[in-house]
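A quick write-up on the structure given underneath.
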Amino acid sequence: MKHIDHHHQPPIHETRTKIMAFFYRFISANGIPPTLREITDACDIKSTAITSYHVAQLIAAGELVDVLGRNKSRGVTLPRAAAAAQAAASAQLHLS
C-alpha cells in the first residue's frame, strides 16, 4: 500500500477558508471580485484548476455566487455583493 503524504496539502476546509477570506479582502480593497489567477496566487494554490474546483464547491454550498456564468473572469462574487449589484442595477432601471 502506497503511503500518501498529506502534510504538503492543507485540508480542504482550510483552503476554502483562505479563498473566502481572500474574496472579502479583495472585494473590500478593489470593489470587484478577484480572478482565478489572483485567488490561486494569493492562496498559494498549485493551479487554477484546483482553485476552480474549490470555487465551484463554494458556489454549490452557497458561499459564493456565479453571476456571469461559467468561465467568466471576475464572474464569481460574494452573495451580498451580488445582491448589492442587482439592487443597483434595478434602481438604475427605475431611474431610466
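The values are calculated or read from the model by the stated rules, or taken from the named source; none is laboratory data. The shown structure was predicted, so the numbers you read here are calculated from the model rather than taken from an experiment. Methodologically, a virtual Cβ is constructed for each residue, glycine included, from the backbone with ideal geometry; neighbour enumeration extends over all protein chains shown.
Observations
- Within segment 40-74, the set of residues being modelled with pLDDT of 85 or more, more than 17 Å from I12 (Cβ to Cβ) and not in a helix (DSSP H, G or I) comprises V65, D66.
- Residue count for segment 26-39, restricted to those that are free of Cβ contacts under 8 Å to residues at least 12 places away in the same chain and part of a loop (DSSP other than H, G, I, E, B): 1
- Restricting attention to segment 43-66, the residues that are without any contact (Cβ under 8 Å) to a residue 24 or more places away in the chain, aliphatic (A, V, I, L, M) and crowded, with 16+ Cβ neighbours inside 10 Å add up to 1.
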